[in-house]
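Below is one structure; the comments refer to it alone.
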Amino acid sequence: MPGLRVFAVGLLLMTAPPVQSQETPSDTLLTMQHYLNWEQVSDPQIAPDGSKILYTRRQVNQMEDKWESAIHLMNADGTQPRFLLRGSGARWSPDGTRILYIADGQPSGTQIFVRWMDSEGAVTQITRLTEAPINPRWSPDGKSIAFAMLVPEKKPSITISLPPRPDGAKWTAEPRVVERLNYRMDRLGFLPDGFTHLFVVSAEGGTPRQLTSGAWNVGARTIGLPVGVGLDWTPDGSSIVFDGFNAADADLMYRESYIYSAEVASGTMRQLVDLKGVWSGPTVSPDGRTVAFVGYPWTRQTHKTQELHVVGIDGKGMRSVSADFDRDPANLVWASDGSGLYALAEDHGSRNLFFLSLRGAARPVTKGSQVLQGGTLARTGVFVSVRSSPHEPGDVVRFALDNPTQLTELTHVNDDVLERIKLGQVEEIWYNSTEGARIQGWLVKPPSFNPAKKYPLVMEIHGGPHGMYNVGFDYWFQNFAANGYVVIYTNPRGSTGYGTAFGNAIDQGYPSVDYDDLMAGVDAALAKGYIDPNNLFVGGCSGGGVLSSWVVGHTTRFAGAAVRCPVVNWLSFAGTTDVALPGFYGYGLYGFPWEKPEKHLKHSSLMYVANVKTPTIIMTGELDLRTPMSQSEEFYQALKVLKVPTALVRFPAEAHSTRSIPSNFLRTQLYMLAWYKRYARPPGGGATP
């Protein structure tokens with residue numbers, strides 16, 4: 001069985017020294033073993049007075065093969081870091097005396113808790129819900145907490161009458177009757193009957209009160225399903241603004257959501273935004289007169305950069321204040337004087353903080369080759385976020401808005417792991433592609449890189465396809481480099497962070513336009529003079545799986561490929577993926593399959609499988625509903641019939657992606673290393689061994 005042989009090699013690679021060991025001591029190279037001690041920080045929350053910072057810290061539970069989260073606390077200068085409690089989603093009360101957070105509670109499942117931040121540290125379980133609370137938020141006076149939650153609803157179904165069951169008979173369970181278009185979602189499985197709505201509960205505990213109701217979802221964006229709820233209180237606590245789509249047939253729509261407000265006392269609801277489009281993430285100005293949110297008017301374009309909009313709390317005067325910014329603002333925070341908003345935005349592989357004035361001007365607050373993730377602002381003008389860079393994993397940082405160049409790193413959660421590790425250097429490159437396109441990419445070099453030598457090259461392709469590789473630390477790429485490979489990763493056309501025109505350039509041309517950009521990137525790497533042209537390898541997941549399967553059908557230049565969670569057949573994909581039909585097909589891509597089947601076939605990797613000569617390993621999660629296993633099976637069966645060296649690796653507990661579980665993160669990388677090692681060609685030429 002090919003899979004068993006590959007796994008054996010993978011285990012060997014986990015313990016054997018990498019190919020660079022003759023130049024770099026093996027105990028100074030980043031291995032998969034180190035990942036078991038890796039930690040992640042996220043969601044930093046600075047106290048209103050700027051004195052303390054909460055943040056979430058994750059680490060691998062090696063015994064149960066999962067990530068575990070805990071809330072930590074430290075002083076604003078980074079001193080006295082300490083574990084606070086188990087849970088996540090911590091938020092300071094407006095006066096800074098308490099925090100709310102989510103953790104497992106009674107009777108079961110996640111519940112909302114409140115902890116006093118005095119020396120006693122008393123904790124109260126606020127809710128006793130049967131469904132999980134979503135995005136809890138304090139009221140301005142700290143007396144109430146708003147949140148969203150599923151309201152179960154048993155819909156009428158087809159009624160049948162079975163004959164009486166004999167005593168003691170064991171019949172199979174009743175079938176699932178489905179009458180909704182979107183009845184399942186990746187990572188969630190079958191969706192429960194019911195709808196997500198707003199609730200308010202006393203911050204001292206008690207029975208939650210439902211504010212919204214009906215056959216629609218608060219937080220629905222794009223396809224009528226809730227994917228997180230954006231909500232905020234007005235400063236006087238009288239109303240809550242939120243996003244969603246109040247329509248019974250919302251799952252048949254695409255790129256539609258709106259901004260609403262609900263009165264807390266009565267539940268009376270008003271729609272603040274009527275313009276058809278995808279609008280989300282509302283936040284209310286300090287004076288309570290204006291609501292800011294992101295989105296864009298409805299369009300058939302496959303990609304459109306989000307714009308920052310504002311509207312009066314009365315629903316009047318909606319306008320865009322993005323001007324020519326042409327980047328996606330996120331993590332909106334109002335300036336204290338209400339003159340504009342601070343927002344994180346992707347730009348050319350980095351993510352920095354910008355200030356967007358209500359007058360339409362945008363200016364960078366922070367600059368540089370870095371990635372800022374999340375963040376909050378104290379009344380003192382101090383901003384906290386998580387920062388990562390090519391050689392620095394994510395850590396909590398702080399800086400004053402009036403002096404953002406003086407950035408202080410407050411945590412060092414992986415310094416112990418990296419203490420003796422020699423990392424590969426990361427080099428930014430720019431190169432030309434077809435139609436005059438300029439493409440940005442990066443090369444990661446082995447730790448003991450010698451430009452006089454020839455190195456095998458691994459190209460990794462990002463998913464989406466509307467996504468962006470960034471300059472943050474990447475464990476995989478550094479591990480490839482530690483094993484003697486040069487890694488190239490690029491942002492071809494279709495990527496975000498470069499504006500609407502660049503992102504939309506693959507409209508009606510995916511995957512083909514971006515293929516040109518990827519091959520031009522390989523050529524740019526070869527031009528450096530230190531890449532072995534006979535040992536090129538390619539891989540990617542999701543949108544990267546689409547492109548890597550397309551690559552091997554259009555060139556034989558690669559010695560091996562790792563196609564992960566791909567789409568290879570747009571016709572069969574339409575009816576088997578979880579949520580794509582009305583949007584991805586009805587308004588984007590090439591129309592519904594029954595309307596233009598020839599276009600779907602033209603852009604399906606499966607139609608070019610007879611050209612494939614590259615040994616290809618295919619990896620997909622068995623629970624994947626986004627790019628279902630059937631897509632990988634189609635490609636695998638075709639390659640086997642054509643006698644192309646191939647293996648199918650099925651991850652039993654994974655949904656979309658093959659590396660959300662810690663051990664599967666290790667396995668995915670080790671399978672790729674084993675496959676690339678198996679099909680490496682002799683340096684300088686020769687046939688595949």
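The values are calculated or read from the model by the stated rules, or taken from the named source; none is laboratory data. If you're wondering where the values come from, they're calculated on a predicted model, not measured in any experiment. Note that we place each Cβ from the backbone using ideal geometry, even for glycine, and neighbour counts take in every protein chain shown.
Miscellaneous remarks
- Pair list, Cβ under 6 Å, 6 or more apart: the range 435-460 residue within 23 Å of residue 557 (Cβ to Cβ), other residue among the acidic types (Asp, Glu): 439/517; 442/428; 443/427; 454/532; 456/532
- Within the range 481-562, helices (runs of 4 or more DSSP H) holding 3 or more residues that are among the hydrophobic types (A, V, I, L, M, F, W, C) and either in contact with a helix residue (DSSP H, G or I) (Cβ under 6 Å, 6 or more places away or on another chain) or not assigned by TED's automatic domain parsing to the domain that holds residue 326 (or both): 513-526, 543-552
- Figure legend. Inter-residue proximity from the range 577-590: first residues under 18 Å from residue 180 (Cα atoms) and in a loop (DSSP other than H, G, I, E, B), second residues modelled with pLDDT of 70 or more and hydrophobic (A, V, I, L, M, F, W, C), beta-carbon distance below 6 Å, spacing 6+ or different chains. Indicated pairs: 578/185; 578/625; 579/223.
- Restricting 375, 368, 360 to those that are on the phi > 0 side of the Ramachandran plot, assigned to a strand (DSSP E or B) and outside the structural domain of residue 477 (by TED's automatic domain parsing) reduces the list to 375.
- Among the residues of the range 183-204, those that are under 21 Å from the mean Cα position of the chain (by Cα), part of a loop (DSSP other than H, G, I, E, B) and either among the aliphatic types (A, V, I, L, M) or not assigned by TED's automatic domain parsing to the domain that holds residue 270 (or both) comprise 188, 191.
- Selection status of residue 524, aliphatic (A, V, I, L, M), under 17 Å from residue 430 (Cβ atoms) and touching a strand residue (DSSP E or B) at 6+ places or on another chain (Cβ under 8 Å): yes
- Residue match in the range 439-447 (condition: charged (D, E, K, R), out of contact with any Pro (no Cβ under 6 Å at 6 or more places or on another chain), modelled with pLDDT of 95 or more and part of a strand (DSSP E or B)): no
- Looking only at the range 226-240, and only at residues there that are touching a Leu at 6+ places or on another chain (Cβ under 9 Å) and β-branched (Val, Ile, Thr), the one that is nearest to residue 136 (Cα to Cα): 229
- Residue 207 being in the same structural domain as residue 241 (by TED's automatic domain parsing), touching a residue at least 60 places away in the same chain (Cβ under 8 Å) and not hydrophobic (A, V, I, L, M, F, W, C): no
- Qualifying residues in the range 109-139 (those that are in contact with a strand residue (DSSP E or B) (Cβ under 7 Å, 6 or more places away or on another chain) and small (Gly, Ala, Ser)) - the one nearest to residue 228 (Cα to Cα): 132
- Filter result for residue 207 (out of contact with any Phe, Trp or Tyr (no Cβ under 7 Å at 6 or more places or on another chain), buried (at least 16 other Cβ atoms within 10 Å of the Cβ), in a loop (DSSP other than H, G, I, E, B) and not hydrophobic (A, V, I, L, M, F, W, C)): no
- Residue count for the range 629-653 satisfying the condition of being buried (at least 21 other Cβ atoms within 10 Å of the Cβ) and at pLDDT below 95: 0.
- Residue within the range 64-75 that is in contact with a strand residue (DSSP E or B) (Cβ under 6 Å, 6 or more places away or on another chain), without any contact (Cβ under 8 Å) to a residue 24 or more places away in the chain, more than 25 Å from residue 385 (Cβ to Cβ) and part of a strand (DSSP E or B) present: no
- The single condition among (1) farther than 30 Å from residue 649 by Cβ; (2) at pLDDT 95 or above that residue 28 does not meet is (2).
- Every test in (1) over 29 Å from residue 378 (Cβ atoms); (2) in the same structural domain as residue 118 (by TED's automatic domain parsing); (3) assigned to a loop (DSSP other than H, G, I, E, B) is passed by residue 48 save one, and that test is (1).
- Residue 268 passes every criterion in (1) surrounded by fewer than 20 Cβ atoms within 10 Å (Cβ to Cβ); (2) farther than 30 Å from residue 441 by Cβ; (3) in the same structural domain as residue 399 (by TED's automatic domain parsing); (4) modelled with pLDDT of 95 or more apart from (3).
- Here is the figure for the range 479-499: residues that are over 20 Å from the mean Cα position of the chain (by Cα) and of a type in the set (Ser, Thr, Tyr) total 1.
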